[in-house]
Each structure stands twice: as structure tokens, then as C-alpha cells.
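Reviewing the structure listed below.
The values are calculated or read from the model by the stated rules, or taken from the named source; none is laboratory data. Since the structure is predicted, the reported quantities are computational estimates derived from the model, not experimental observations. Ideal geometry is used to build each Cβ from the backbone, glycine not excepted, and the neighbour counts take in all protein chains shown. Only protein heavy atoms, including side chains, enter the accessible area calculation; ligands, DNA and RNA are left aside. Shrake-Rupley method; radii C 1.70, N 1.55, O 1.52, S 1.80 Å.
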Amino acid sequence: MEVEVNVRKAEEPRIVIVGLPDAAVRESSQRVSSAILVSPLRLADGVKTVNLAPADLKKEGPSFDLPIALAMAAASEEVEIAWEELCVVGELALDGAVRPVKGVLSIAMEARQRGRKKVFVPEANAREAAVIQGIQVIGISHLYQAWQCLIGELEIPPTQVDREQLFEETSTYEIDFSEVKGQHHVKRALEVAVAGGHNLLMVGPPGTGKSMLAKRLPTIMPAMTEEEAIETTKIQSIAGLLDPKKGFLSARPFRAPHHTISDAGLLGGGTNPGPGEVSLAHNGVLFL
């Protein structure tokens, strides 16, 4: 998406957002104007028209707050900025603080693919985006900090992560298959199923250990490859399930939805389409 802002004189100052915005995007005008007014930046009088291109795609979520605010500030201050090298994403608080958003890993990958050299992301999402090599990830905590970095007044060092160390840190499990005592036949069946990537049917009364064994299945599966880990992390990030402290997921997921789950909950979809349990269990275990 590209954010364009035009400022023209008018008696009544207002902000108009076009380009199929949803409610969260339309409301960004209030967050943006408040964030700009409490910072040392100037907000021009008159009508500010914000265009989100391409205009025929529906825009949703608060991720557009920061780019809209920076584009509006640039139009108000009449400053030329090299936007071609930059990708910006972030939600704004009323005091100008930048809040984390979903799907930053996918955004960083797309930015690199489109030849962008830098990506401005919320500070809380910086570790997640820094997993992608070949693009500078700048963690932003405040709107004015982002503006100073844009015009060259402030130098923010790019976020660096040791991919191998991050891989090791996030591939640990709280439980382990070795904790299961007895159950030799079932354990053998599980090992065979995991080795061949087969489905497994567990039959037995409550309390015999079906769920307990299934939860420990990911711990005997092969370690995820880097490609698998990035794929899984992208899905978890888009769904908003990624732990911001870790910023990455290299442990295989385990999903156990309730038997009353809806079709959309299991397969994905809904009013705002999102991944279902089948997608969230990608590269891991889906226990029904």
C-alpha cells in the first residue's frame, strides 16, 4: 500500500481518508491529528486528503497510522523525503507513542522484495522484522523520533538479531515426550506416525492420556528448518498470537480446538478473514 497526502486551503480544517478504508483506518485521522498536535510537528490548516493506493483494495487495521502521520507532517512542513527507499508501519497512541501491530514479518519480507532499503516498525516488533536479512529494520517508539530519523536529525541504529541464537531460544518446549511413563505401545505408534508424517486416531476413555500424549508430539518431531520457522511465524504474527518478547517461533505449534468450533474457526475466514486452526497448526500438530 502507498499513502499519499495532499493539503489544500479551506475554511474548515478536516481530514478525508479515501481508498476503501475500514472503520479502524477511518478512525486513524483522530489518532494522527492528536499525535501530531502533542509533538513538536506542525499540522497544516485546511483539508488534508489521504489516499491509500491501490484504491480498489480494502484497507483494514491501525497499521497505517504512522505512515499517514509522517506523510501529513511532510506535507504540512513542506519537506522533501526519499520515500522510495522506505517502508513504514505502526499504530499510534494519542500521545504519539508507537504501538505494535500484526504481520510485521510479512511486511518486512514484502518491503525487501520491492527493493526498499529501510523499514520503520514499532519497537516491540523490531526483533520479529529483523529476522529478515537484506533490509535495515528501525525500531520506532514515538512519532517525533520517526520524523527526526526521516529528516536526518537523529540516527537510530538498525535492530540486529543473531538468527541462530534466536532459533535456539524459541525452539524450547515446556513439556517433553520423555516425561511419559509406560504407554509403550502408544509411544511406539506415535513415533511411527511422526516419522512418516501420518495421521493418528486415538481411541480410549477420558483420563487414559490421549491429550497428554498428543501435546508432547511436537517434542519428538524434527527441528524446524529456517524456512518452516519463518512460514509458521508469519501465520502466528498475522493472527496476533506471536509473543512480542520472542518475536519469532521455531517450536512446532500444537493446536487443540474445542469440538464445538465453527467452520470458519477451523478452516479460516470470518467477516475479517483470518487463519483458522488448520493454518495455525501449520508445520505442527492439529489435535481434534
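Hey, any hits in segment 133-154 for a residue that's surrounded by fewer than 22 Cβ atoms within 10 Å (Cβ to Cβ), touching a residue at least 60 places away in the same chain (Cβ under 8 Å) and assigned to a loop (DSSP other than H, G, I, E, B)?
yes
Scan segment 75-96 for residues that are open to solvent by less than 30 Å² (accessible area, probe 1.4 Å), under 22 Å from Glu123 (Cβ atoms) and more than 15 Å from the chain's Cα centre (by Cα) and report the count.
Qualifying residue count for the region: 5.
What are the residues in segment 41-78 that are touching a Pro at 6+ places or on another chain (Cβ under 8 Å) and of a type in the set (Ser, Thr, Tyr), if any?
Of everything in segment 41-78, nothing turns out to be touching a Pro at 6+ places or on another chain (Cβ under 8 Å) and of a type in the set (Ser, Thr, Tyr).
Considering every residue within segment 239-250, establish whether at least one is modelled with pLDDT under 90, open to solvent by 70 Å² or more (accessible area, probe 1.4 Å) and not charged (D, E, K, R).
Yes, segment 239-250 has at least one match.
Which of the residues that make up segment 104-120 are assigned to a loop (DSSP other than H, G, I, E, B) and surrounded by fewer than 18 Cβ atoms within 10 Å (Cβ to Cβ)?
Residues satisfying the conditions are Arg114, Gly115, Lys117.
Here are some conditions: (1) open to solvent by 10 Å² or more (accessible area, probe 1.4 Å); (2) within 26 Å of Pro273 (Cα to Cα); (3) over 15 Å from the mean Cα position of the chain (by Cα). Pro100 meets all but one. Which one does it not meet?
Single failed check for Pro100: (3).
Considering only segment 168-185, state which residues are under 25 Å from Glu231 (Cα atoms), surrounded by fewer than 17 Cβ atoms within 10 Å (Cβ to Cβ) and of a type outside the set (A, V, I, L, M).
Across segment 168-185, the qualifying residues are Glu168, Glu169, Ser171, Thr172, Tyr173, Glu174, Asp176.
Six or more apart or on different chains, Cβ under 7 Å: which pairs go from a residue in segment 105-125 that's farther than 18 Å from Tyr144 by Cα to one that's in a helix (DSSP H, G or I) and open to solvent by 50 Å² or more (accessible area, probe 1.4 Å)? Could you list them?
Correct list of pairs: Leu105/Lys234; Ser106/Lys234; Ser106/Ile238; Arg116/Glu85; Lys117/Glu85.
Just for segment 238-266: of the residues that are assigned to a helix (DSSP H, G or I) and under 20 Å from the mean Cα position of the chain (by Cα), which one is nearest to Pro62 (Cα to Cα)?
Only one residue tops the list, namely Ile238.
Return the pairs, sorted by first residue and then second, in which the second residue is crowded, with 16+ Cβ neighbours inside 10 Å, the first residue lies in segment 37-57 and is charged (D, E, K, R), the beta carbons are less than 6 Å apart, and the residues are 6+ apart or on different chains.
Once the first residue is charged (D, E, K, R) and sits in segment 37-57, its partners that are crowded, with 16+ Cβ neighbours inside 10 Å give Arg42/Ser76; Lys48/Val7; Lys48/Ile15; Lys48/Met72.
State yes or no: is Arg188 over 30 Å from Lys117 (Cα atoms) and open to solvent by 90 Å² or more (accessible area, probe 1.4 Å)?
So Arg188 fits the description; yes.
Mind checking which residues of segment 42-62 are more than 17 Å from Val79 (Cα to Cα) and among the small types (Gly, Ala, Ser)?
Selection gives Gly46, Ala53, Ala55, Gly61.
Tell me, which helices (runs of 4 or more DSSP H) wholly within segment 157-234 include 1 or more residues that are among the basic types (Lys, Arg) and at pLDDT 95 or above?
Details: elements: 163-169, 184-196, 210-215.
The qualifying helices (runs of 4 or more DSSP H) are 184-196, 210-215.
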